[in-house]
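Student: Please see the structure below; I have some questions.
Readers should treat all values here as calculations from the given coordinates under stated rules, not as data from a laboratory. Remember, it's a predicted structure, so these values are computed and weren't measured experimentally. Positions of Cβ are generated from backbone atoms using ideal geometry, with glycine treated the same way; all protein chains shown enter the neighbour counts.
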Amino acid sequence: MRRRLVGALAVAAVTCATAGVAVTGQAASAAVVPAATVTAASAAAAETNEWKNVRIDGGGFVPGIIFNQTEKNLVYARTDIGGAYRWDQPTKTWIPLLDWVGWDKWGYNGVVSLATDPVEPDRVYVAAGMYTNDWDPNKGAILRSADRGKTWKATELPFKLGGNMPGRGMGERLAVDPNDNNVVYLGAPDGNGLWRSTDKGVTWAKVTSFTNPGDYAADPSDPNGYMSHRPGVVWVTFDPTSAAKGQTTKKIYVGVADKENTVYSSSDGGATWSRVAGQPTGYIAHKGVLDHSSGTLYIATSDTGGPYDGAKGDVWKLDTATGAWTRISPVPSSSADDYFGYSGLTIDRQDPDTIMVATQVSWWPDAIFFRSTDGGANWTRIWDWGSYPSRTKRYTMDVSSSPWLTFGTNPQPPEEAPKLGWMNESVEIDPFDSNRMMYGTGATIYGTEELKKWDTGETFTIKPMVKGLEETAVLDLISPPSGAPLVSALGDIGGFRHTDLTKVPPMMFTAPNFTSATSLDYAETSPGVMVRAGNFADADRPNDSHVAFSTDGGANWFQGSEPAGINEGGTVAAAADGSRFVWAPKGVAVHYSVGYGNSWTASTGIPTSAVVESDRVNAKRFYGFSAGKFYASTDGGATFTATAATGLPAEGNVKFKAVPGREGHIWLAGGDAAKGASGIWRSTDGGASFTRLSGITGAVNIGFGKAAEGRSYQALYAVATIGGVTGVFRSDDTGATWVRVNDDQHQYGNMGEALTGDPRIYGRVYLGTNGRGIVYADTGGDTPPPPDDTTPPSRPGKPAASAVTPTGATLTWTASTDDVGVEGYDVYREAGATDVKAGSSSSASFSLTGLAADTSYTYYVVARDAAGNASAASDPVTFTTAPGPGGGEGCTAAYKAGNSWPGGFQGEVTVKNTGTAAITGWTVKWSFPDGQKITQLWSGAHTQTGADVTVKNAGWNGALNAGASTSFGFTGTWTGANGAPAAVTCTAS
């Protein structure tokens with residue numbers, strides 16, 4: 001079963017519920033929308049942006065390829081979760097046709113059938129709907145286009161359709177009468193029988209004379225309603241010779257998912273129907289193809305509905321003139337050699353005695369295609385057994401355009417990589433070119449343009465024919481500040497490191513490979529450090545780990561250990577400096593690891609299966625969210641505490657992320673508007689409190705990218721509903737105003753499970769879809785930036801000093817106000833001509849540490865906003881630290897930055913014995929604020945873990961008499977900034 005993403009976003013976008021409703025339109029001009037005063041009309045305005053796929057090429061099941069029978073090179077493909085496509089012959093590229101489908105009708109991207117009109121080739125029909133159980137809230141629909149899929153109209157049906165349900169490879173269940181194209185038939189699932197339109201798909205009615213709706217279900221007792229789905233009426237085939245052009249075709253054949261009654265026919269244009277006499281029983285006819293030149297109906301049958309299974313089956317042909325059935329199976333079901341059913345049935349219309357059929361399903365050692373040039377009397381195989389385990393093949397595989405199709409494996413013979421395929425329900429010979437064949441697999445579309453070499457004993461080449469068709473379900477995305485611009489976590493095929501967005505990556509993640517990767521993260525200040533979590537079949541890999549690490553930006557990966565009981569990856573977070581990781585596997589308690597997973601320790605204070613993320617500045621801070629409660633850790637994930645934040649969504653899918661370069665800044669998106677709340681919330685105090693953004697009534701995800709020119713705060717990207725319009729939005733001013741960056745033609749169904757901006761390119765946003773792969777756009781080019789914010793915050797209140805000790809104190813003050821929002825506060829110590837910045841806070845308090853005993857200090861505070869405007873300084877506060885222990889030991893350390901050069905600097909620290917007695921040793925500690933690293937240190941011994949530095953005395957300078965001093969020096973590296981530590985402490989021994 002393909003992964004499903006069912007969200008709870010309340011949308012008010014375009015609807016397609018009634019006959020004749022148009023579902024496309026023109027993009028509006030760009031506009032900036034104030035979030036607090038947004039209106040539906042203005043919110044619908046959008047930038048004009050070009051959306052493109054990050055190339056992967058394929059990545060999912062293609063159950064149907066449909067050639068138009070009267071126009072050469074008019075070819076369509078349908079997918080189970082990724083919409084429909086039309087082939088562009090000049091570029092040999094697939095063009096997506098259903099990107100206009102939005103969150104309100106996301107199930108329309110499940111295409112259970114497609115029909116191309118043989119009379120008016122511009123017309124095309126889609127039977128749309130993803131699930132027939134309660135996973136998809138909407139009914140199915142027939143989409144119709146008169147311009148080859150450029151624009152569409154829709155008619156909602158009174159039942160659901162299942163483009164991603166069992167049996168979806170059978171078909172085609174949607175068919176246009178080749179003589180009177182006003183008539184279109186639809187085979188319906190789940191007891192709904194056969195339906196017909198007589199006005200080119202505008203209105204539909206049930207064919208009441210057709211009385212067998214099909215009783216087969218893979219598992220009628222499935223409580224989820226998935227395996228209990230009944231595929232129903234699964235294919236419709238016309239005999240065009242039974243009527244003149246312009247008249248209703250008289251002879252029609254229909255396939256039903258009923259093992260005892262699988263083929264029906266009508267000889268009076270669908271007025272009456274009867275079970276075809278003498279038909280085989282015990283199997284389901286997946287395909288029914290008529291050679292109208294000879295009047296021969298071929299069927300391919302299997303013992304299940306597929307597409308994943310099938311263990312027995314047959315191929316039959318019916319002489320429609322005499323009613324005689326003949327079994328023509330390449331390997332009959334009565335043979336011990338038959339371990340598969342059949343599907344993928346096709347006829348060479350240029351030579352109708354030539355037919356092909358595929359196994360349904362031969363997983364090992366590979367799929368098998370069979371070909372006959374005499375109507376099924378004799379068959380040849382696409383590969384044969386040689387001397388076991390070798391195989392002799394009529395073909396070669398060339399996957400150089402999509403090298404990942406080997407899945408990074410090197411299997412033992414007789415298996416090979418890449419495989420010929422699996423789930424090959426659709427194998428199609430071009431009706432105009434006997435040399436061209438295309439076929440769908442569970443991962444791509446393959447094809448050849450030299451098929452007739454099969455018959456002459458020559459070897460033909462099979463290649464991917466899938467460019468433009470992107471069908472991955474995207475579960476997470478990261479865009480680090482250095483290295484590859486994008487790293488992906490995907491359903492079914494794991495994920496990739498994308499070094500060039502325009503090229504197919506050479507390989508998915510291997511060593512280890514996760515069938516589906518569920519979460520990604522990188523260390524913000526050391527972005528080469530990455531972590532990913534994922535799923536695989538535990539029975540195949542017992543005692544394997546569901547988490548992996550990289551220290552080279554995802555180029556290579558290695559595994560550590562894992563806690564007991566893990567079956568699914570869940571979410572995982574990397575500390576800002578890469579020194580530790582916090583992991584929330586699905587269904588298992590949250591754990592943390594110092595280092596790369598060599599051991600894991602259970603975190604406390606946070607519920608099982610919470611979503612976890614890391615602060616992007618402070619390596620000790622991690623965050624979690626579960627059921628409306630926000631959790632914070634300040635000790636590297638060892639312990640979490642529920643914060644006092646209220647009003648957060650308790651239901652629905654919720655995503656939250658911390659802002660790079662802003663300690664304690666968190667944005668949270670999601671929820672379920674029907675069950676409480678959905679929107680976007682912001683915190684600047686590490687999750688202690690959140691503020692909900694006004695004007696946003698629903699949201700799916702939030703992400704960050706490079707700030708706009710003249711801005712200091714990262715650009716925000718959101719999949720959200722603003723002013724009643726659901727789309728992808730960008731804000732350059734901390735959420736005060738938003739602009740829509742997609743349009744109604746680029747809605748991508750239930751998009752947004754993954755979302756991130758690019759930290760290196762302003763305006764670039766990467767969007768994950770559920771079946772249309774990764775799309776991206778370079779936005780902002782035609783939208784003027786919001787008006788510059790030149791108004792500074794108000795002056796903070798005078799600080800008050802409390803909890804004064806010999807080495808520290810706590811400052812608190814009255815918070816500032818700002819027209820957009822206070823970003824944070826900088827705390828300064830008066831120190832003569834040049835004041836010293838003691839540190840920053842996102843709230844109206846600050847803890848001072850590392851002070852000297854019995855010493856007078858003066859501090860003041862400056863507020864700043866997201867635009868970089870600084871307030872006037874507060875009035876200063878002066879206080880004296882408490883005296884140290886009488887006659888005791890004590891020391892202070894003073895940090896001084898020396899010479900600095902691009903990427904490097906020199907520093908010195910002076911240690912003074914401030915006690916009344918001699919000391920024999922000292923230890924100095926501080927944390928670098930900007931990710932600096934010590935490269936060499938003298939007159940001491942140091943260790944550094946992330947930002948935290950510890951220096952102990954050398955053997956010769958530890959003994960200091962009262963009042964005596966010594967010093968040590970060092971060199972280090974820096975990038976971006978080289979701020980002094982907020983506090984330096986000294987401990988005497």
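Student: 7 Å from Cα along Cα→Cβ at both residue 567 and residue 241: what's the point-to-point distance in nm?
Tutor: Simple spin-label model gives 5.6 nm for this pair.
Student: Pop a pseudo-label 7 angstrom from the Cα along the beta-carbon direction at both residue 790 and residue 910 and give the gap in nm to one decimal.
Tutor: Result for the modelled spin labels: 4.4 nm.
Student: Might you report the magnitude of the Cβ-based charge dipole of segment 891-988 about its Cα centre, with Lys and Arg at +1 and Asp and Glu at -1, to the nearest 20 debye?
Tutor: 120
Student: Once the dipole of the chain is set up with Lys and Arg at +1 and Asp and Glu at -1 on Cβ about the Cα centre, which of 687, 478, 423 lies farthest towards its positive end?
Tutor: Checked the options; the winner is 687.
Student: Further question on the same structure: State, as an integer percentage, the relative contact order of the chain based on alpha-carbon contacts under 8 Å between residues 6 or more apart.
Tutor: Working: 3109 pairs, mean separation 93.8, N = 989.
Relative contact order of the chain: 9 percent.
Student: Pick out, from 76, 602, 58, the residue whose Cα sits farthest towards the positive end of the charge dipole of the chain, with +1 on the Cβ of Lys and Arg and -1 on the Cβ of Asp and Glu.
Tutor: Towards the positive end, the residue furthest out is 602.
Student: Hey, another quick one. Using 0.36 nm per residue of separation minus the Cα-Cα distance, give me the extension gain between residue 267 and residue 964 in nm, one decimal.
Tutor: Numbers: separation 697, 0.36 × 697 = 250.92 nm, distance 11.03 nm.
So the chain would gain 239.9 nm between residue 267 and residue 964.
Student: Next up: Antiparallel versus total DSSP beta bridges in the chain: what percent is that, nearest 5?
Tutor: Values: 236 of 243 bridges.
The antiparallel fraction comes to roughly 95 percent.
Student: Please order 455, 433, 314 by the number of other Cβ within 10 Å, starting at the fewest. Could you put the intermediate results ahead of the total?
Tutor: Details: 455 14, 433 17, 314 24.
Ordered from fewest to most neighbouring Cβ atoms within 10 Å, 455, 433, 314 come out as 455, 433, 314.
Student: Could you work out the relative contact order of segment 509-642, using alpha carbon pairs under 8 angstrom and six or more residues apart, expressed as a whole percent? Intermediate values should be presented prior to the final figure.
Tutor: Working: 387 pairs, mean separation 25.1, N = 134.
That works out to 19 percent.
Student: Which of 425, 260 comes first, and how do the rest follow, when ranked by fewest Cβ neighbours within 10 Å? Can you show the working numbers first?
Tutor: Details: 425 31, 260 13.
Ranked by crowding around the Cβ, least crowded first: 260, 425.
Student: Quick check on the exposure proxy: order 928, 905 from fewest to most C-beta atoms within 10 angstrom.
Tutor: So the residues, fewest neighbours to most, are 905, 928.
Student: Which of rounded, prolate or oblate describes segment 509-642 when judged by the alpha-carbon gyration tensor and an a/c cut-off of 1.5? Can you show the working numbers first?
Tutor: Working: a/c = 1.88, a/b = 1.21, b/c = 1.56.
Cα axes put segment 509-642 in the oblate bin.
Student: Calculate the dipole size of the chain relative to its Cα centre from +1 charges on Lys and Arg beta carbons and -1 charges on Asp and Glu beta carbons; express the result in debye to the nearest 20.
Tutor: Numbers: 77 positive and 96 negative charges, 132 e Å.
For this selection, approximately 640 debye.
Student: With point charges of +1 on the Cβ of Lys and Arg and -1 on the Cβ of Asp and Glu, referenced to the Cα centre of the chain, which listed residue (232, 935, 721) lies farthest in the positive direction of the dipole?
Tutor: 935
Student: Based on DSSP H runs of at least 4 residues, each adding -39500 (n - 2.57), what is the mean residue ellipticity at 222 nm of the chain after dividing by all its residues, to the nearest 500 deg cm²/dmol? List each step's numbers first, then the result.
Tutor: Details: 2 runs with 8 residues, N = 989.
Roughly 0 deg cm²/dmol at 222 nm, from the helical runs in the chain.
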